[in-house]
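Single-structure report; data block below.
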Amino acid sequence: MSKILIIEDEASIRRVLVKILSEESDTYKVDEAEDGLQGLEKIKNEDYDLVLCDIKMPKMDGEEVLEAVKKIKPEIPMVMISGHGDLETAVNTMRLGAFDYISKPPDLNRLLNTVRHALDRKQLVAENKILKKKVSKNYEMIGESDAINQIKEMIDKVAPTEARVLITGPNGTGKELVAHQLHEKSERSGAPLIEVNCAAIPSELIESELFGHVKGAFTSAVKDRAGKFEAADKGTIFLDEVGDMSLSAQAKVLRALQENLIQRVGADKDIKVNVRVVAATNKDLKKEIAEGRFREDLYHRLAVILIKVPALNDRRDDIPLLVNHFAEKIASEQGTTVKKFSVDAIKLLQEYDWTGNIRELRNVVERLIILGGTEISENDVKLFASK
Ligand SMILES: Nc1ncnc2c1ncn2[C@@H]1O[C@H](COP(=O)(O)OP(=O)(O)OP(=O)(O)O)[C@@H](O)[C@H]1O
Ligand SMILES: [Mg+2]
């Protein structure tokens, strides 16, 4: 059902519009108002998908209605109706955020087309919103154990600052999640978070990946290219697996951090960058330093704040919440109903040795949902979750 409101002081035109739209589709529910004030009142009290609004009206004209709607319900598309004398105003309303305008007397095809487009757009905007919400929900941090609460508190304190953060912890504990939260909760969240997996990039390419290059700097450099630091300008760069970076790349990163200056490979000009650095590693950097594989000066630059994400074995209290969270998530991804886990099943999962941490737990939950019964039992866990 699409709810459409027509605001028009001329009764004859109003009637024509109501008739055309109600007859066009069963899914259009058409409502009317005879002046701007009445129209605005209705918009406040009802959820419309589209408003058609005359420009010249007594009490409150179309432009005023438009401006008021943009303030209170900006998501509603407004189509303006213009008479002979106010074409210029009509064009101007587009600048104020009107979706479109139609002229009087309304041309049937143009009217219906415009209405359809405006409704489609509304739908799209709504879907996008849901999608965005889903994306940010992907980085939700589940858990209420003391250990995870400490991490959450730390994130809330540190995120709004400009401090560099080093996140450490074993595989699959949620380091990437922490990095995303730090960015989302910072003033930089409007700008990009650029991730660089330092372990995945061959050492001879990492410099160009991070800092960019100019044409001709090396054989395959066929044109100028910006690197990740430039891409992250005003945002955050996430140096994941930073412990795997080569010593020569470490030297370059150190300079970028000390001076906020970078140089594209092959260029002689410095570029100023405004980037917050968050890094993560599952290596013991102190040990790497002792063995000469990691620069101590870089370590101190990166680890202004240190966040240690605990192993799942050290916060087993969170396992029930995590299991239910993943069961819900997997069901919604697959479009199926959520499977319940019995109390005993969860108890048994709480006793396992989770060397792969949360990532492993998620995989096990997924396996149990696929292979287990309608309610996951202790026996299902014994059968399918053993390692
Ligand atoms: N507290 C949490 N709540 C919900 N999901 C989580 C939590 N922590 C981690 N996850 C999920 O577990 C998986 C692994 O997390 P993530 O990739 O952040 O780990 P990581 O520490 O970066 O691992 P690696 O060292 O292997 O790179 C992801 O799917 C992530 O969404
Ligand atoms: Mg990771």
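The values are calculated or read from the model by the stated rules, or taken from the named source; none is laboratory data. A quick note: this is a predicted structure, and the numbers were derived from the prediction, not measured. Ideal geometry is used to build each Cβ from the backbone, glycine not excepted, and the neighbour counts take in all protein chains shown. Note: accessible area is taken over every heavy atom of the protein model, side chains too, but ligands, DNA and RNA are not part of it. Shrake-Rupley method; radii C 1.70, N 1.55, O 1.52, S 1.80 Å.
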Of those in the range 360-377 that are of a type in the set (A, V, I, L, M, F, W, C) and under 12 Å from residue 322 (Cβ atoms), the residue nearest to ligand 2 (Cβ to nearest atom) is 361
Residues of the range 161-199 being basic (Lys, Arg) and touching a strand residue (DSSP E or B) at 6+ places or on another chain (Cβ under 8 Å), in sequence order, are 164, 175, 188
When restricted to 287, 283, the only residue away from ligand 1 (no atom under 16 Å from the Cβ), over 23 Å from residue 258 (Cα atoms) and charged (D, E, K, R) is 287
Taking the range 340-359 and the residues there that are polar (S, T, N, Q) and either in contact with a strand residue (DSSP E or B) (Cβ under 9 Å, 6 or more places away or on another chain) or over 13 Å from residue 322 (Cα atoms) (or both), the one that is surrounded by the fewest Cβ atoms within 10 Å (Cβ to Cβ) would be 355
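Each row is one residue, and each column tells you yes or no for (1) assigned to a helix (DSSP H, G or I); (2) under 25 Å from residue 248 (Cβ atoms); (3) of a type in the set (Val, Ile, Thr).
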residue: 189; (1), (2), (3): yes, no, no
residue: 204; (1), (2), (3): yes, yes, no
residue: 210; (1), (2), (3): yes, yes, no
residue: 223; (1), (2), (3): no, yes, no
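Condition check ((1) open to solvent by 50 Å² or more (accessible area, probe 1.4 Å); (2) within 33 Å of the chain's Cα centre (by Cα)) across all residues:
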| position | (1), (2) |
| --- | --- |
| 69 | no, yes |
| 77 | no, yes |
| 82 | no, no |
| 91 | yes, no |
| 97 | no, yes |
| 103 | yes, no |
| 112 | no, no |
| 116 | yes, yes |
Considering the range 205-223, residues that are at pLDDT below 90 and open to solvent by less than 10 Å² (accessible area, probe 1.4 Å), and then whichever is nearest to residue 261 (Cα to Cα), we arrive at 206
Over the range 360-377, the set of residues open to solvent by 30 Å² or more (accessible area, probe 1.4 Å), within 12 Å of ligand 1 (Cβ to nearest atom) and touching a residue at least 24 places away in the same chain (Cβ under 8 Å) is 360, 362, 366
